[in-house]
Each structure stands twice: as C-alpha cells, then as structure tokens.
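The values are calculated or read from the model by the stated rules, or taken from the named source; none is laboratory data. Because the structure is a prediction, the values reported are computed rather than measured. Cβ atoms come from the backbone with ideal geometry, glycine included; neighbour counts cover every protein chain shown. Heads up: the accessible areas ignore ligands, DNA and RNA and are worked out on the full protein's heavy atoms, side chains in. Shrake-Rupley method; radii C 1.70, N 1.55, O 1.52, S 1.80 Å.
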Amino acid sequence: MIQQTETEGVTADSLMGRLQEEAKRTGDPRPVATLARVVEACDEILSGAAARRARAAKEDPQIFDPDFVKLNPRIIGLYVRLRARLDKGATEWTGPHPSTIRSWKELVQYIQLRAAEAHRPGRPKRPAPSTRKTDQIIDGIENMHDRAQLREMIAKGRQAKRELDIMSEAIRKYPEIDIDALRDGRSFATKVQGPQAQSAIGPDDVKLIRKLVARLQDNDQIDEFDLIYRSGRLKRDGGLDLVLPEEMRLLERLAGLEKVSG
C-alpha cells in the first residue's frame, strides 16, 4: 500500500486520478461510478453545498456543517442517503455504503487527504460541482459582451452570498438567536428564553460544546470505546445508556443545535 503523505508529493487529486484509471481498466462501470460519487460527496460536504441541500429539503443541515463534522465514510454514507431521498424514486445514489468505503483502503486515504487539504491554512477551497457547471455554461455563450455581463452579475451574486455566509456564521456564535428563522424571512426569534437567556456560556464555550456533541454522535470515533449513538442515546454497544436522550438534548440546546418546532 502506498503511504499517502504530502512529502511524497501525493495529493487527493493525484490519488483519485490513479484510482479512476485503475477502475477504468477493469472494464466494470460500477467502481468508476462509485469513485465519481465519492468525489462529488466530498466536494459538496466540504463546500457547504450538502448542508444547503439538507436545509432546502427541510432536513437538519448541521449533519453536514463543514465547520463541525469530520469527513469520513459515515458522513459520506449519510450524504448518499440524502441524495437518494431527494431523487424520490429511481436514483443513481445507491452507494457507496460506509462499509464499502472502509474496505477500500485507498479510497479511505483519499477521503483523509481531502479532509487534511481542506483544513490546510491558505489553501483555496475546491469549487463545488454547481459552480463548475455554471462556469461551463457561461463559457458556451458566443457573444463576448453577454458573457462578460453575465460573469459580472454572477460574481456580484457570489460575493453577496459569501458576505451572507460570514454574517450567518458570526450570528451562529450566539445560540439564542434563531438564524434559520432570520434567513427564511420569518420574524426575529430566539431559541433560549427566560432565565436561560442569562447563561454565562460564551461563543467559545458554544464551539466546544458543539465539538463535544459532534464527537459523541460520531459512531466512528466512539466505536473504539465500545460505545454507540442511537436514537438520541449514547450507550455501551448492547448495554446500558451512558448519556440519556434528555441529557443529549440539553447539550444540543446549550450548543444551539436543538431543532425548533414550528
């Protein structure tokens, strides 16, 4: 097995290129399609597009929040299931299953490289598939003036979106504010009322609690401790509950992750 380290000049793109070539040589279209879906899943999860898809479908976007989730086979499996649900019928998103990814060691290494490269300071974010498709469409416009004007309008729209995302993330540091209600154009709402609004928990504490919740709910991370997260409970696999659902909901509420009804 090739050791995938940056000092050896191996990147996620170079590894995936080799995997795709090897898959094509087999003559079997299934591994080729699997690799393509994993690449798209990584693109969308890391860019935040997966979280936006979930939000648009009225599902929990926090599952795919690139600031708080770890890119791994489990989260890719959840993304595959989301895409299958969104297709509402016949779908090409029949896999891969997390166990399939884990059994393909070099594919796991690709995912690890994507995660490491995404968090490397100063490294530009990889454009989402939708962005690349838009650019291809613009390139196909023959009239140079129309092409330039459209590019300018889209650039302004992307800049506005970036500014909105920055403001949204700043507001999310204060869990008492229902940012989703604000973005949807509903009246200003708070998630924390009464005495809880006077909590001494600050933005840095909220970040720590969010990381804790994400770690407690990540079955890949807690598996080595013989723990499993299921139906809101953290428990020994086949044993007694360690963290009860009401206790997990309290942690989620403190982190501003609790779902708001209505």
Expressed per residue, the solvent accessible area of the stretch 1-121 in Å² (1.4 Å probe) is about 52
Leaving ligands, DNA and RNA out of it, work out the accessible area of residue 244 with a 1.4 Å probe and give it in Å² to the nearest 10.
60
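Could you sort the peptides 63-71, 24-32 by per-residue average Cβ neighbour count (10 Å cutoff), highest mean leading? Display every interim value, and only then the final one.
Working: 63-71: 18.1, 24-32: 11.4.
Taking the mean over residues of other Cβ atoms within 10 Å, the ranking is 63-71, 24-32.
How do 105, 161 rank by accessible surface area computed with a 1.4 Å probe, from largest to smallest?
Working: 105 115, 161 65 Å².
Largest accessible area first, the residues go 105, 161.
Figure the gain on full extension for residue 153 and residue 102 (residue separation times 0.36 nm, minus the Cα-Cα span) and round it to one decimal in nm. Numbers along the way, then the final one.
Working: separation 51, 0.36 × 51 = 18.36 nm, distance 4.30 nm.
So the extension gain works out to 14.1 nm.
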Could you calculate the contour length gain from residue 90 to residue 142, that is, 0.36 nm times the residue separation minus the distance between their Cα atoms, to one decimal place in nm?
15.1 nm
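Please work out how much length the chain gains when fully extended from residue 33 to residue 212, using 0.36 nm per residue of separation minus the C-alpha to C-alpha distance, in nm with one decimal. Walk me through the numbers on the way to the answer.
On the way: separation 179, 0.36 × 179 = 64.44 nm, distance 3.49 nm.
That works out to 61.0 nm of additional length.
Would you work out what percent of the accessible area of the stretch 1-102, with all protein chains in place, is carbon or sulfur (probe 1.4 Å)? Numbers along the way, then the final one.
Details: 2810 of 5350 Å².
Solvent-exposed carbon and sulfur of the stretch 1-102 make up 52 percent of the total.
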